[in-house]
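One structure is given here, and the rest of the page talks about it.
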Amino acid sequence: MEEDSELLFAYSRRGDVESLSALVRRHAVWMQAFLRGLLPTAADAEDAFQETWARVVKSAGRYRGGKVRPYLAVIARSAAIDRLRQMGRLVSLDVEGGEGASAAERLPDGAPSPRERFESKATAEDVREAVRSLPEGPRQVLLMRIEGELSFKEIASELDVPLGTALTWMRTATLKLKEMLGGER
Amino acid sequence: MNEDRELLAFVKGRLEEGVASSPPRLAEIGRAAAAESFARVAEGRMRRRRTAALLVAASLAIVLSFAVLHIDFSPRPRDTVACVIDLLRTADGAETSQEALADIGPGEASVAEMLLAWQDAPYESAIADLQ
């Protein structure tokens, strides 16, 4: 099977549309999940998905190699942010929405074990809702990390925040999800 | 740490659950990609043509500038003769070049011969010969 970068190069250098279609199919699931975590509705996510690939197509000539998934995640995030801006729903990354880290810190001592968590009854929609309710910064770090597979250094650079902030936001996201999803079981 | 990893794997799994594995509007993306690729090829071709035209123009400019320089720096026979006539005029006390030419009579054939010989000689040589 061809590497992602080979597929992208095949399109950017030879105009091979089939290679690009293969790349779209290969990255469809995580990218939609990523966008659905960032945007309020599935329809918004679908539009942003379309916009992401339009941007990939336009900027394919500038791709110089490297991991394709983080490259795509950065473009997808940018498309999602622009969409949120259009909707007037973009909140500053610094805004601490919801209960904040303090809520996570109030986790009961009898927190669920990993096995219990794995068997969680939280549905896909519950999880999406939980992710969407995270503050902007932690949510973006979480999605870029688990779906976009960016390193924390790359995430910090992308969000233009210090590495420590990116790590703290990831911790906040994890703690909040633990709290929210723990209650679903 | 392990617990966090499991939680994140669970979250990731749930986020991807129910997401269509076939991408939405793939045909539309394919069409846009084909159009963009076509535009890029056309642009590349245009850029190559422009570069080729520029190269040709630059080459022509270089060749022409050499030709012009050559013309400028080589002595022009007419100028040399006019210069010699002026020198003769000054030496003979004639007022105009025509007078100086008129002075070159049949008896002074050697001067006329010199002028003929100087026609193609460089300016500096003509001056040196006069001196």
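Values as computed for the structure displayed
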read-out	value
Rg(Cα) / (2.2 N^0.38 Å) computed for segment A:4-87, rounded to two decimals	1.06
Neighbourhood charge, 14 Å Cβ-Cβ cut-off, centred on A:F9 and excluding it, Lys, Arg +1 and Asp, Glu -1	0
Nitroxide proxy distance, nm - points 7 Å out along Cα→Cβ at B:M46 and A:K153	4.1 nm
Rounded FRET efficiency, nearest 0.05, which uses the C-beta distance separating A:M87 from A:L167 and R0 of 51 Å	0.95
Of A:K67/A:K121; A:K58/A:K176; A:K58/A:K178; A:K153/A:K176; A:K67/A:K176; A:K121/A:K153, pairs whose Cα-Cα distance is over 28 Å	A:K67/A:K121; A:K58/A:K176; A:K58/A:K178; A:K67/A:K176; A:K121/A:K153
Burial ranking of peptide ranges B:60-67, A:74-81 (average Cβ count within 10 Å, highest at the top)	A:74-81, B:60-67
Per-selection Rg to Rh, segment B:1-73 - Cα, Kirkwood hydrodynamic radius	1.60
Qualifying trypsin sites (Lys or Arg not before Pro) in segment A:2-68, DSSP loop, other Cβ atoms within 10 Å at most 10	A:R64
Packing-based exposure ordering (other Cβ within 10 Å, fewest first) of B:V41, B:V11	B:V41, B:V11
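We did not get these values from a lab; they are worked out from the coordinates using the rules stated. Computed from a predicted model, the values in this text were never measured in an experiment. For neighbour counting, all protein chains shown are included, and Cβ atoms are generated from backbone atoms with ideal geometry for every residue, glycine included.
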